[in-house]
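K.L.:
Questions regarding the structure given below will be posed in turn.
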Amino acid sequence: MIQFLSYLCNGISLGSVYAIIALGYTMVYGIAKMLNFAHGDVIMIGAYIAFCAMQYWGFPPVISVIAAMVVCTALGVIIERLAYKPLRKATSLAVLITAIGMSYLLQNVALLVWGANPKSFPSVVGLGALSMLNGQLIITSETIVTITACVVIMIVLTLFTSKTKMGKAMRVVSEDKGAAELMGINVNATISLTFAIGSALAAVAGVLLCSAYPTLQPTTGAMPGIKAFTAAVFGGIGSIPGAMLGGILLGVIEILGKAYVSMELGDAFVFAVLIVVLLVKPTGLLGKTIHEKV
Amino acid sequence: MTQKRQSNTKMVPVPSYSIVPERDVDKRPVLETRHLGIEFGGLKAVEDFNLTIGATEIAGLIGPNGAGKTTVFNLLTKVYQPTNGVVILDGKDTAGMNAAQASKLGIARTFQNIRLFGNMTVEDNVRIGLHNQIRYGMVSGILRGPSYWKQEKAQHEKALELLSIFDMQDMADMQAGSLPYGAQRRLEIVRALATNPKLLLLDEPAAGMNPHETEELMENITKIRDQFQIAIMLIEHDMNLVMGICEGICVLNYGRIIAKGTASEIQSNPTVIEAYLGKRKEG
Amino acid sequence: MTRKQKMLMSNLITYGMVTIAFIVCQLALSGSIDGFKMSRSLKGQLVPICAWIVMAVSLNLVVGVSGELSLGHAGFMSVGTFSGAVVSGWLLNAFQMENEPVRLLIAMIVAGVCAGVAGVLIGIPVLRLRGDYLAIVTLAFGEIIRNVLNCVYINVDGKKLIFGFNTPTLPGKALLAGPQGAVGVDKISTFVMGFVLIMFTLVVVLNLINSRSGRAIMAIRDSRIAAESVGLNVTKYKMMAFVTSAVLAGMAGALYGLNYSTVAASKFKFDTSILVLVFVVLGGIGNIRGSIIAATLLTILPEMLRAFSNYRMLVYAVVLIVVMLTTNSPFLAGKLATVKGILKGRKNTGKEGDAV
């Protein structure tokens with residue numbers, strides 16, 4: 001039982017990281033109707049920047065995280081401008097292939113800059129662990145910080161999209177680009193803003209992910225990226241609470257599956273969830289149905 | 001407008017089921033709908049749609065923008081599954097069928113926003129229409145036995161013959177997506193005809209055509225009916241075309257039928273004038 | 001020339017190109033012409049090149065002809081590799097079948113059937129989806145196949161095959177050993193068989209494209225709704241393209257696997273699917289001959305440019321992005337057409353993107 005609670009905590013913690021990454025996917029998919037395959041690799045870049053800032057330049061953790069967020073924001077906007085914007089009217093096949101290319105580009109640039117050897121990522125939290133039930137259940141400070149960060153980010157984002165002018169503009173653009181343009185909304189700027197927010201969150205997710213699982217290498221972001229996309233689909237693409245719910249459920253499923261069923265098949269479980277969700281309820285848990293116009 | 005039924009059009013008997021009641025012949029209707037309706041998230045897009053079309057009738061479906069005309073076509077061709085009522089095609093209930101199965105029963109259509117196979121040739125577009133009339137499978141297609149060559153040849157000739165309806169044989173090798181707009185609309189009709197339909201649905205066939213082309217189209221629609229002995233139902237905003245060739249007209253507003261009858265009956269119907277024709281005079 | 005004659009001509013060029021390349025390689029291998037010889041490393045690449053060509057052509061059937069992005073093509077290849085290796089090992093150990101070409105042929109056929117079955121099982125759920133979702137689910141299936149194969153153990157004991165899941169200690173001689181993959185493989189793949197497989201693939205794919213079924217597949221790609229409206233069974237034809245492609249990938253997998261003494265499941269990661277996609281994109285989506293050329297060049301070049309091996313994937317990534325941007329962005333496509341026009345004095349420009 002204690003064992004189970006401990007797994008559950010780990011699951012929720014990992015799930016929170018997925019949720020933060022999934023927010024980036026879900027916002028971009030909602031607004032640009034594209035699967036930003038490179039999102040997972042932005043996470044990896046964010047983690048490397050934070051790593052360099054702490055290890056090589058000796059910045060304190062908070063400054064390092066902010067530095068990573070700034071770099072990733074810029075990176076996200078540049079990627080969108082250079083690679084995705086010219087393809088706004090192209091087929092989804094072309095956009096997806098470009099995004100895959102971008103993902104590989106980031107991975108290989110990281111490989112050239114930082115090398116293939118895994119770096120051992122120092123935790124940004126550095127507090128003691130929380131011990132409960134007479135020390136039988138230990139919850140690390142990373143877990144607590146990750147879950148808190150996830151909840152805070154979700155609340156702030158929900159408020160942002162429902163209360164602020166820019167947030168409302170984002171929702172309008174995701175509904176109907178043409179109509180938004182007619183209403184005087186700057187569609188390009190809004191899409192850039194979405195990429196900026198998503199990428200900044202990716203940096204946070206990267207730091208949190210590597211604090212919990214401290215091996216950092218150029219392929220670090222790829223798998224969590226794909227899994228987070230699964231989480232976004234699971235929760236219903238385009239929905240912010242959905243990304244959160246999907247992420248946490250997926251993290252729990254992965255950890256419990258690995259613990260109780262088979263270590264080797266852990267990833268297979270996550271993908272099986274994706275397949276089942278898409279077949280049974282393609283709109284996800286909290287998504288809405290879209291009718292195809294004939 | 002009075003010159004409508006002359007020249008190359010021979011008088012075709014229309015069964016009593018049709019919109020125009022006084023015509024009579026003992027042929028069963030090609031299409032019958034009863035209480036047909038569909039809802040999108042609580043919104044009734046089409047409601048209680050009852051219509052019968054005779055085997056060789058030209059029927060018009062008109063109504064203001066957003067009245068649900070194309071939705072009716074989507075219901076008849078089983079692109080949408082109705083929430084209420086039945087569609088009976090050629091005597092068979094289409095409940096649970098998909099669009100491909102409905103097509104095999106003998107319904108064919110064109111689209112308001114043209115949907116050709118743009119990367120393929122004009123001839124191949126027609127050949128796709130003939131798909132279900134040739135019968136060699138994947139393996140003989142790969143092995144290229146005698147049946148492949150024979151059927152390919154027959155299909156090629158049939159495609160050219162169909163294209164000749166609109167004098168398009170010379171365009172057979174062109175890419176469908178590169179055709180001029182009017183030719184694309186005509187190609188859609190040829191492709192639909194290739195499926196050997198009993199009922200042909202035309203969604204705004206004259207849209208974007210100049211008066212001369214529209215005139216030609218009108219002649220061709222009646223010609224197609226006479227030659228193929230099929231029923232045709234069309235959605236159109238060009239009233240000259242509708243009043244000129246449609247023997248029965250059905251008027252739709254807010255998803256409901258507000259009038260049925262002949263051209264003259266429709267033109268003098270006060271409800272229709274209020275809902276539709278009155279509006280048209282302004283613009 | 002009519003479009004049909006052009007197409008026939010183009011197909012003949014494709015067959016001719018492959019045949020001539022084969023004859024030239026055979027001449028070089030035989031060493032009958034003085035000074036015309038093949039380097040050792042290139043010799044070792046001949047069979048893999050054949051396998052990658054078949055992979056690229058078969059993926060092009062899905063991506064170019066059927067218009068769906070499959071990101072799990074390496075999964076089908078791995079099914080072929082492992083089933084082929086098991087069959088070959090079984091025939092050799094249990095029945096002492098020494099005739100290598102026949103054994104290779106049987107292994108390839110069984111591999112094709114196994115991959116085809118996998119294709120049907122995966123195709124049923126996958127082909128109900130569209131666009132990005134379809135792509136990501138093929139990726140998911142590719143990873144699931146790899147994860148599962150990582151746990152499969154198959155040994156041959158006497159005449160019997162013994163299957164195990166996560167059980168490294170089975171009696172008899174190991175054929176498939178979990179994460180180590182196929183072990184103790186008898187290397188029986190030959191360049192001649194590779195050539196035969198390429199020709200077989202070309203006959204299947206090119207004839208399919210030019211038949212009733214192939215036209216249906218392309219029609220569905222161009223407009224699914226219109227295709228349904230003229231009575232095409234969308235699922236049937238999507239499945240046809242997907243499964244045919246899987247079968248060919250499985251056969252290529254057997255050819256590839258039986259060229260090495262061991263092949264691990266990790267060889268068929270997501271990267272491998274992407275590699276094949278790079279062949280298809282660089283050769284031109286929907287362009288079969290392009291796939292053949294791209295697969296050949298991109299397999300030989302890295303061997304020749306070992307010094308730049310670090311940049312290999314980087315270059316591939318840039319290739320993907322640049323090809324997509326130049327063929328799909330109206331702005332860049334316009335610029336490119338102008339440049340081409342200046343260089344060639346106006347020759348036909350818009351040939352790529354034919355099937356995009």
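K.L.:
Can you give the FRET efficiency for C:Asp34 and C:Leu297, using 1/(1 + (r/R0)^6), R0 = 22 Å, r = Cβ-Cβ distance, to the nearest 0.05? Before the final figure, lay out the partial values.
P.N.:
Details: r = 27 Å, r/R0 = 1.23.
Efficiency for this residue pair is about 0.20.
K.L.:
Going by average Cβ density within 10 Å per residue, which order do the peptides A:91-97, A:174-180, B:110-116 take, highest to lowest?
P.N.:
Values: A:91-97: 22.3, A:174-180: 14.3, B:110-116: 19.7.
Top of the packing list down: A:91-97, B:110-116, A:174-180.
K.L.:
A further question on this structure: Note the angle between two axes, namely the Cα long axis of helix A:92-114 and the longest principal axis of the Cα atoms of chain A, as a number of degrees from 0 to 90, rounded to the nearest 10.
P.N.:
40
K.L.:
Here's another thing I want to ask about it. Between C:Ser88, C:Ser211, C:Ser261, find the one with the highest GNM mean-square fluctuation for chain C; connect C-alpha pairs within less than 10 Å.
P.N.:
For chain C, modelled as a Gaussian network with Cα springs under 10 Å, the answer is C:Ser211.
K.L.:
Taking only Cα atoms, what is the 0 to 90° angle, nearest 10, from helix C:131-149's long axis to the longest principal axis of chain C?
P.N.:
With rounding to tens, the tilt is 20 degrees.
K.L.:
Which entries in A:Lys85/C:Lys269; A:Lys119/C:Lys187; B:Lys158/C:Lys236 show an alpha-carbon gap greater than 28 Å?
P.N.:
Working: A:Lys85/C:Lys269 30 Å; A:Lys119/C:Lys187 39 Å; B:Lys158/C:Lys236 25 Å.
Distance filter (> 28 Å) returns A:Lys85/C:Lys269; A:Lys119/C:Lys187.
K.L.:
Sum -39500 (n - 2.57) across every DSSP H segment of at least 4 residues in the protein assembly as shown, then divide by the residue count to get the 222 nm mean residue ellipticity, nearest 500. The partial results should precede the final answer.
P.N.:
Values: 34 runs with 543 residues, N = 933.
So the helix-based figure for the protein assembly as shown works out to -19500 deg cm²/dmol.
K.L.:
Could I ask something else about it? Need one word for the range C:47-304: rounded, prolate or oblate. Basis is the Cα gyration tensor (sqrt eigenvalues a ≥ b ≥ c); a/c below 1.5 gives rounded, then a/b vs b/c decides.
P.N.:
Prolate, since a/c reaches 1.5 and a/b exceeds b/c.
K.L.:
What ranking, highest mean first, results for peptides C:295-303, A:9-17 when packing means the other Cβ atoms within 10 Å averaged over each residue? Please list the in-between numbers first.
P.N.:
Working: C:295-303: 18.0, A:9-17: 24.9.
Final packing ranking: A:9-17, C:295-303.
K.L.:
Based on C-alpha coordinates, I'd like the Rg and Dmax of the range B:120-188, in Å.
P.N.:
13.0, 39
K.L.:
Got a sec? Which residues in the range A:148-184 would a label at A:Leu130 touch, if it sits 7 Å along Cα→Cβ and we count backbone N under 15 Å?
P.N.:
From the range A:148-184, the list is A:148-152.
K.L.:
Mind checking A:81-90 for the average number of partner chain beta-carbons within 10 Å of each residue's beta-carbon?
P.N.:
That average works out to 4.
K.L.:
Now a separate question. Of the listed peptides C:108-115, C:315-322, C:44-51, what is their order by residue-averaged count of other C-beta atoms within 10 Å, with the highest listed first?
P.N.:
Listed from highest to lowest mean packing, they are C:108-115, C:44-51, C:315-322.
K.L.:
Are any of the pairs B:Lys104/B:Lys223; A:Lys33/A:Lys281; B:Lys92/B:Lys260; A:Lys89/C:Lys267 more than 27 Å apart by Cα-Cα distance, and if so, which?
P.N.:
From B:Lys104/B:Lys223; A:Lys33/A:Lys281; B:Lys92/B:Lys260; A:Lys89/C:Lys267, over 27 Å: A:Lys89/C:Lys267.
K.L.:
Work out the FRET efficiency for A:Leu285 and A:Lys89 from their Cβ-Cβ distance, taking R0 = 41 Å, and round it to the nearest 0.05. Before the final figure, lay out each step's value.
P.N.:
Values: r = 31 Å, r/R0 = 0.77.
Result of the calculation: an efficiency of 0.85.
K.L.:
Using r as the Cβ-Cβ distance of A:Ser141 and A:Ser162, and R0 as 35 Å, what FRET efficiency do you calculate, to the nearest 0.05?
P.N.:
So, using R0 = 35 Å, E works out to roughly 0.65.
K.L.:
For the range C:160-312, just run the numbers: alpha carbon Rg, then divide by 2.2 N^0.38 Å, N being how many residues it has.
P.N.:
Cα-based Rg divided by the globular estimate yields 1.31.
K.L.:
What translational D, rounded to a whole number of µm²/s, comes out for the protein assembly as shown from Stokes-Einstein when the hydrodynamic radius is the Kirkwood one over Cα pairs, at 10 °C and 1.306 mPa s?
P.N.:
Taking Rh from Cα pairs, D becomes 52 µm²/s.
K.L.:
Now for a separate question. What is the helix-to-structure angle for B:146-163, meaning the angle in degrees between its Cα long axis and the longest Cα principal axis of chain B, kept from 0 to 90 and rounded to the nearest 10?
P.N.:
So the helix axis and the longest Cα principal axis differ by about 40 degrees.
K.L.:
When you look at the Cβ of every residue in C:308-321, what mean number of other chain Cβ atoms sits within 10 Å?
P.N.:
If you average over the peptide's residues, the count of other-chain Cβ atoms is 5.
K.L.:
Take the Cα atoms of the range B:83-201, find their three principal axes, and give me the spread along each one in whole Å, biggest first.
P.N.:
44, 37, 22
K.L.:
Let me ask you something else. Could you check the simple spin-label distance between C:Lys187 and A:Val109, using points 7 Å along Cα→Cβ, in nm with one decimal?
P.N.:
For the pair C:Lys187/A:Val109, the computed spacing is 4.1 nm.
K.L.:
Still on this model: In nm, to one decimal, how far is the C:Arg3 label point from the A:Phe4 one, both placed 7 Å along Cα→Cβ?
P.N.:
6.4
K.L.:
Next question. Could you please state, rounded to a whole Å, how far the C-alpha centre of the range B:62-111 is from the C-alpha centre of the range C:61-109?
P.N.:
Centre-to-centre (Cα) distance: 46 Å.
K.L.:
Something else about it: Per-residue Cβ counts within 10 Å, from other chains only, averaged over A:269-281: what number is that? Could the numbers behind the result be given before it?
P.N.:
Working: counts 2, 3, 9, 4, 1, 7, 9, 1, 0, 9, 6, 0, 0.
Counting Cβ atoms of other protein chains within 10 Å of each residue's Cβ and averaging gives 4.
K.L.:
I would also like to ask the following. For the pair A:Asn186/C:Lys160, report the inter-label distance in nm, with labels modelled 7 Å from Cα in the Cβ direction.
P.N.:
About 7.5 nm, to one decimal.
K.L.:
Right, next: On a full-extension model of 0.36 nm per residue, what is the gain between B:Glu39 and B:Lys92, subtracting their alpha-carbon distance, rounded to one decimal in nm?
P.N.:
Full extension of this stretch gives 16.7 nm more.
K.L.:
No solvent, one uniform scatterer per C-alpha: report log10 I(q)/I(0) for the range C:55-193 via the Debye equation at q = 0.09, 0.17, 0.19 1/Å, two decimals.
P.N.:
Here log10 of I(q) over I(0) equals -0.31, -0.95, -1.09.
Any read-out appearing in this document is the output of simple, stated calculations on the displayed coordinates, not a laboratory observation. Predicted, not measured: the structure shown is a model, and the values here were computed from it. Heads up, the Cβs are rebuilt from the backbone with ideal geometry, glycines too, and the neighbour counts pull from every protein chain shown.
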